[in-house]
């Protein structure tokens with residue numbers, strides 16, 4: 001994994017980048033801001049992806065960084081879902097023990 005991907009992965013894991021889908025995505029030329037993914041400058045000779053979210057957050061990313069972010073956030077969500085499923089699936093040793101009831105007059 002390249003350094004930019006590592007940086008994006010770390011930001012996702014620590015909650016510095018969102019794991020939700022953007023409301024809108026617009027492509028344009030960089031305006032001198034810094035990429036929220038790799039932290040490199042988005043100069044006028046770079047394209048930038050501007051992502052708007054429902055909570056008002058705006059991310060500015062290189063197109064390749066946005067692709068990496070999309071892929072990694074999907075991995076993060078799949079991993080979290082699998083962890084949740086493992087935690088909520090009852091294991092056999094925790095299942096309640098069913099004891100047959102006795103009929104009248106029988107002792108156990």
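Assorted remarks:
- Selected residue (criterion: surrounded by the most Cβ atoms within 10 Å (Cβ to Cβ)) from residues of region 1-13 that are modelled with pLDDT under 95 and over 15 Å from residue 75 (Cβ atoms): 4
- Residue pairs whose Cβ atoms lie under 7 Å apart, separated by 6 or more positions or on different chains, with the first residue in region 72-94 and within 27 Å of residue 17 (Cα to Cα) and the second in a helix (DSSP H, G or I) and modelled with pLDDT of 75 or more, are 72/8; 72/9; 72/12; 73/12; 76/12.
- A count restricted to region 17-39 and to residues that are exposed (fewer than 14 other Cβ atoms within 10 Å of the Cβ) and within 19 Å of residue 2 (Cα to Cα) stands at 2.
The values are calculated or read from the model by the stated rules, or taken from the named source; none is laboratory data. Predicted model only: the values in this text are computed from it and were never measured. Ideal geometry is used to build each Cβ from the backbone, glycine not excepted, and the neighbour counts take in all protein chains shown.
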